[in-house]
C-alpha cells in the first residue's frame, strides 16, 4: 500500500510537471484611466493605430482556452504624460494581480522623461505595489534608453535586481508620410527596439548595471543582424574616438527575448546566434492580436518545438521555465 501511494504521488507530480501552463511575458494592460488621459491630450492615435479594448475576464478566457497559466502585464504605448495616470495604471495592475493570484504578474510603467519622478515611481512600484519588474519604452519624447541622464534610474533598478521589459514606442522624430504609408507596427517598431538596445550596448549600460535582466520584444527585432555589424565596426569607431570599450559578452548576457510576433523555427535559430536557449521566452502581444490567431500561433509554436530535433530540447524552457526563472 505504501509503495502504491508513493507511485500515485510520483505520477501526480509528473502529470503536474507535464501540464505546466505557458507563461506569457508580453501582454498589455489598457485601463479606462489610461485611455481617458490620452483622449484628453489628443494622443489616442500617437502610435498610428487605435488602442484595442481590454477586459481582464476576456484575457483570462483566452488564457484558459490557449493554456496560458500566467501573463505579465505592461502598459501599452503611447506613454501618458501624467505621472498620476502612470500611478493609477500601476495600481490597477497590482489589483488585477492580487485579485487573480497566479494568473497575472505586472511590470510597472514609469513617468519618463522626468528621471526623478521615474525613480520615485520605480521605488513605489517595486517596494510598495510589489511589481514584478519595470516596463521601459524605447524612447519618451526623444529620451532614448542608453542616454546618460538615465544612469541614475538604472542604478536604482540595478540595486533591486529588476527585470525590465522593453517595448517600442513611436520614434522621435518620426516621418509622418512614412508612418501613414508603412504603419509603425509593420517595421519601425523593430528598428526602434534595435536602436534603443544598441544605444544601451554602446554605452555599456547593461554591462555596468549587470543585476538587471532586460526582455527584448518581438523576436529580438533586428539585433541578430545588428550585433555582428556593431562588433565588426567597433574598432573603427574606437580608432576615431566615437565609442569607448564595449563589453559585448556582459551586455548580451543581460538580454532575454520574447517571441511575440513572427516567430518560427528559423527566427529562433537566428536568435541563437546571439543568445542561448535559456534566454528565449514566449510572448503573445495580447490584446493587439485576435485571440483565435494567438491560440493558433501558440499551437503552431508548440508543434514545431516538439518536432524540430534541434529545438525540441528547449520546448519547456521557452514556454515557461525560462520566464519562471527570471520572475521567481
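Coordinate-derived values only; no laboratory data. Predicted model, so just to flag it, every value in this text is computed and none were measured. So basically every Cβ, Gly included, is an ideal-geometry build from the backbone, and we count neighbours across all protein chains shown.
With just the Cα atoms defining each centre, how far is segment 111-169 from segment 273-328? Give it in Å.
Answer, in whole Å: 26.
Name the residue, out of 138, 276, 295, whose mean-square fluctuation peaks in a Gaussian network model built on the chain with Cα pairs under 10 Å.
Largest GNM mean-square fluctuation: 276.
Calculate how many DSSP beta bridges within the chain are antiparallel, expressed in % of all such bridges and rounded to the nearest 5.
Just about 10 percent of them are antiparallel.
What distance in nm separates the two pseudo spin-label positions at residue 100 and residue 262, each 7 Å out from Cα along the beta-carbon direction?
3.0 nm
Please build a GNM for the chain, connecting alpha carbons under 10 Å apart, and tell me which residue among 257, 286, 124 fluctuates the most.
Result: 124 has the largest fluctuation of those listed.
Test of understanding: what is the full-extension gain from residue 130 to residue 296, defined as 0.36 nm times their sequence separation minus their Cα-Cα distance?
56.4 nm
Pull out the extension gain between residue 149 and residue 114, defined as 0.36 nm times the separation in residues minus the alpha carbon to alpha carbon distance; nm, one decimal.
11.6 nm
Looking at the chain, I'd like the Rg to Rh ratio, where Rg is from alpha-carbon atoms and Rh is Kirkwood's inverse mean 1/r.
Result for the chain is an Rg/Rh of 0.98.
Run the numbers for residue 273 and residue 312: contour at 0.36 nm per residue of separation, minus the present Cα-Cα distance, in nm.
12.3 nm
Which log10 I(q)/I(0) values, to two decimals, does segment 254-326 give at q = 0.13, 0.17, 0.20 Å⁻¹ under the Debye formula with one point per Cα?
-0.35, -0.60, -0.83
Each label point is 7 Å from the Cα along the Cα-to-Cβ direction; what then is the distance between the points at residue 180 and residue 238, in nm?
Placing both labels 7 Å along Cα→Cβ, they lie 4.7 nm apart.
With no solvent and one equal point scatterer per Cα, compute the Debye intensity ratio I(q)/I(0) for segment 195-328 at 0.11, 0.14, 0.20, 0.21 Å⁻¹ and report its log10, rounded to two decimals.
-0.44, -0.67, -1.16, -1.24
For Cα pairs less than 8 Å apart in space and 6+ apart in sequence, what is the mean separation divided by the residue count of the chain, i.e. the relative contact order in percent?
18 percent
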